[in-house]
Amino acid sequence: MITAGKISTFLMFVLMIVSIEIMMSRAKRGHLPYVRRIAGIEAMEEAVGRATELGTPVFYVPGRTEINTAGAAQTMAGLEILSYVSELTAKYGTELRTAIAAPNVQPVAEEIVRQSYIKQGKAEAIKPEFVQFLSNEQFAFAAACLDIMHRERVGAAIMVGEFQAETMMLVEGAAQANAITICGTSRTFQIPFFVAAADYVLIGEEMFAGGAYLSKDPVKLGSIAAQDIGKFVGTAFIIIGAILFTMGNKTLLNFIKM
Amino acid sequence: MRALGNVDRRILYVVLILAVLYPLIRPLGLPFRVSDWTLNFYKAVDKMQAGETMLMSIDYSVSGGPDVHPQAQAVFKHALSKKVKVVFVAFVTEGVEFANQMIAVAEKDGGKYGEDFANLGFVPGVEVAISAFAQDILKVYPKDVRGNVTADLPIMKGIKTAGDFKLITEYATGIPGPAEWIRQVQTRYKVPIACGVVTVMGPQNEPYYQSGQIVGLLSGLRSAAEYEIAMKMPGAATAAMDAQSMGHVAIVLFVVLGNIAYLSEKGKKGGR
Amino acid sequence: MTTNIGTWIGAICTLAMFSFLVKENKVFRTFQHLYVGVAAGYGIVFQWNSIKNVAWDPLTKKGDMLWIVPIILGLLLFTRFIRGYQWISRWPLAFLMGLGAGLSMKAIESDFVRQVQASLVSLTTLDNIIVVVGTVTALAYFYFTLKPSKTLSGASMIGRYVLMMTFGAAFGNAVMGRISLLIGQMQFLFGDWILLIKK
Amino acid sequence: MRREVPLAIAFVTGAMILFEYFLQPLWKDSKIWAQMLQNWGTVVSGFAMGLAAMNLITVNLRRMDPKRNVEWYNPLILLLGMAAMAGSGVFLGTRSAPWQFLFKNIFQPLGSAMFALMIFFIASAAQRAFRARNLEAVVLLVSGIIVMLGRAPIGELIGLWLPAWADWLVKVPSLAGNRAVMMGAALGMVATAFRALVGIDRAYLGGE
């Protein structure tokens, strides 16, 4: 019934979905999970505040990946955080420059920013510059970002999503423009650049927790708790499985291979 | 000391450029060693028999080309020397041109298009396209880049799905890359896949290498140079290695100087 | 110096981009705008061809009627400019989002289950023990909803060191790749253009 | 209607992809459908390029006002470049001389030049940010330096232990670290994607 070789994956998938459902309905009933501090997330307000004080725009990039591909979840996480950041810029009347690389993210991001401004009663303040498509070509995008960051002297640069080789150019370029930087991605080989050069970093899973954390929405917070269940199961499998394997027992390994 | 920490970044840039340029003009001839990532890639190609067919998927962009193209060149050269047939495809637009360039060189050396190698071209759709390609090559590529009917090419005889290749090699600067090929091809067809990637992607793909999902891994220009050494045909990549060394030394120097300045500054503050 | 026009234009483009290093300047800005424009044109052409080859030709030439669905969905994106009908433009977006969400979830196999599988190794070598302990402790760093305890804090602290080692190594490794790109560019400028490097 | 239809579309599409992935034996044709949906996605995304281009044009027309922008000619150059590339590609084809000229002499060299700039950003970040602030930073720094020296041929001259350490760092601790990041992120992706599929995250759908 289940595709061969995917039985264990399917079970894990079902476990995740069930955990998410359970934890979300628990949260709805008022059992809010404790969520630890995520420094990069808490710095969002500080960053927007700084740009506001300086009278400069906030620069935002929700990654470079299209919403119909396997990297979409990272874009979605970036967009979730954009929703929060744009509410802040609406509230404080700060300029916003969202740089878009994936054509099909453009309408989504526009809609998100529009909603934030409507929510803050600032619909009339929206400008086309708030969400700009720059280029879907990697380095044309990077060059255009450098140009905006320097020309408009952005005070804060927030980049959360899937990035590729351009990361270092974006984050160091922002630092050279004297912007405060908050960056997050799950692409393992880009994280080091953010870690080295950004003021605050969201490492891997932190970026996915970030949107839920910021929204303070109990339902979303519940799904973070489910992620922890998943990690716990993974950890248990690794520890028990490795010990069994060392003793010559391959039960768990064979199970996972199913 | 403080000056060391706040040195104008433009001075760093000039130092870096000179460090790289000097050995390019006057090579130093530093020796280096071949890693097992490269060696296993080399072996995977080397154990192929004359007449067997290998796929080369050229999925790197122009901008990342200098880091990956030399790998593809080295592997292609190796395949030709072993009389292994090579089919090129691309899931990144620019890949087509890179394949054409390599083929043009091989044709000059007497290779026959359509028999020894062929370039099927580019299809859009990234991962989706790879998946479709793996299932039915002729449907995704009814014609090659030169307008020939793919099914009529002698090299395509007996090749219908990705499973019909003896070895698949993938060269990438981003997406698609090893992850996409593993997901769409390796998990369904049990063909060995070997990958060449830009240096940054090397460590990230180590887990796939460890778990055996890819049989060999080339990472950046260094791997291309190693491959040239493994083939005993040193080329341009080998020559660039000296420049590489000097560039690394320059950057390490920047880090060290920055830290000396930082620590002495901190020491002074602590003393007060 | 070479007399090849293409090489000259290429060299000028390269120098214009490199001028950013000295200072963000007028020449860089102009070339950057040119680049973005040309890249946008390039994107338009490729998307155009992709629509034409993938959907339009099979629809009109082979009569594969189903291709009309994505074409209509695609056109619906433009309803966002028609007052009162903006909401329709959410249909194609929802479709794309659904695809992306579905495809993203597949990560649970390659990036989770297969990684667990690869971690089931014999704990008889130091390296294997380090890999297993490192993975588990680094995972501990990512717990968000567990109340801090001694075990968790200890594990996550070790995990942070493992992560820092990982990032440091990846950074070092990246330097190598990026220098090769600079080497490529230097070979172009000083080899192809002013012919200083012998080939 | 306005909210339910898109939610239903998203859910059915995502569910179809997952059904094919996990339960294909239950319905053989699901493979064809899943594949087709993905192809449709490519086509629909193609149309999105139109929207993106419209935004690019709007923003740059606004910037072309000489009274507000002294460098009004830059957006003009952008639009001309776009028109030239798109026009030659659509009307003359990608094999035509004008397209090839723009591609080989402008698009390619600018791309390579930008990418080659990267190392300078790395150099300046290394000097600025790689500071031994605390023990974690020291670990990052030391592991970075070992790999930087060990991976270049020069490392072997300093001592064979250096490349060996570099290899070890890349193969052992990095394997663990990368694996943990990947595993955590995979769970985050599932949760995020799930929330989008069932309509908990629907900012993209707008309000009412």
Where labels lie 7 Å past Cα in the beta-carbon direction, separation of B:THR161 and A:ILE243 in nm:
4.2 nm
Using the count of nearby Cβ atoms within 10 Å as a rough guide to exposure, how do C:ILE183, C:ILE51 rank from fewest to most?
C:ILE51, C:ILE183
Charge dipole magnitude, Cβ of K and R +1, D and E -1 - region A:39-215, Cα centre, debye nearest 20
260 debye
Note down the net charge around B:MET54, summing +1 for each Lys or Arg and -1 for each Asp or Glu among other residues with Cβ under 12 Å from its Cβ.
0
Taking the Cα centre of chain C as the origin and placing charges on Cβ (Lys, Arg +1; Asp, Glu -1), which of C:THR3, C:LEU120, C:SER89 is farthest toward the positive end of the dipole?
C:SER89
What does the extension gain come out to for C:ILE5 and C:LYS62, with contour length at 0.36 nm per residue minus their alpha carbon separation?
16.0 nm
Check each of the GluC sites (Glu not before Pro) in region B:106-169 and keep only those in coil by DSSP with at most 15 other C-beta atoms within 10 angstrom; list them in order.
B:GLU115
Pick from B:ARG222, B:ARG146, B:ARG26: which is most flexible by mean-square fluctuation in a GNM of chain B where alpha carbon atoms under 10 Å apart are linked?
B:ARG26
Distance in nm between D:GLU136 and D:LEU157 label points, each 7 Å along Cα→Cβ, equals 3.7 nm
From the residues C:GLY134, B:GLY158, A:ALA142, which one has its Cα farthest along the dipole of the protein assembly as shown in the positive direction, the dipole being from +1 and -1 charges on Cβ of Lys/Arg and Asp/Glu about the Cα centre?
C:GLY134
Membrane-span-like helices (DSSP H runs, Cα span along own axis at least 27 Å, mean Kyte-Doolittle at least -0.5) in chain C -> C:26-50, C:150-186
Tell me, how many Å apart are the Cα centres for region C:137-199 and for region C:46-107?
38 Å
Considering chain B as a Gaussian network with a 10 Å cut-off on Cα pairs, which listed residue, B:ILE175, B:ILE25, B:ILE130, attains the greatest mean-square fluctuation?
B:ILE25
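In the structure shown, do any of B:LYS77/D:LYS104; C:LYS26/D:LYS104; B:LYS108/B:LYS143; B:LYS190/C:LYS52; A:LYS6/C:LYS147 have a Cα-Cα gap over 32 Å, and if so which?
B:LYS190/C:LYS52; A:LYS6/C:LYS147
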So if I place +1 on the C-beta of Lys and Arg and -1 on the C-beta of Asp and Glu, and nothing else carries charge, what would the dipole magnitude of the protein assembly as shown be about its Cα centre? I want it in debye, nearest 20.
780 debye
Measuring from its Cα centre, region B:119-193 shows a charge dipole (+1 at each Lys and Arg Cβ, -1 at each Asp and Glu Cβ) which, in debye to the nearest 20, is 180 debye
Mind jotting down the distance between the C-alpha centroids of region B:232-250 and region B:157-199, whole Å?
29 Å
Dipole of region A:39-215 [Lys/Arg +1, Asp/Glu -1 at C-beta], most positive-end residue of A:THR185, A:LEU88, A:PRO62:
A:LEU88
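Only the coordinates and a few stated rules stand behind these numbers; no lab work does. It should be emphasised that the depicted structure is a prediction, and the values quoted were computed from it without experimental measurement. Cβ sites come from the backbone with ideal geometry, for glycine too, and all protein chains shown count toward neighbours.
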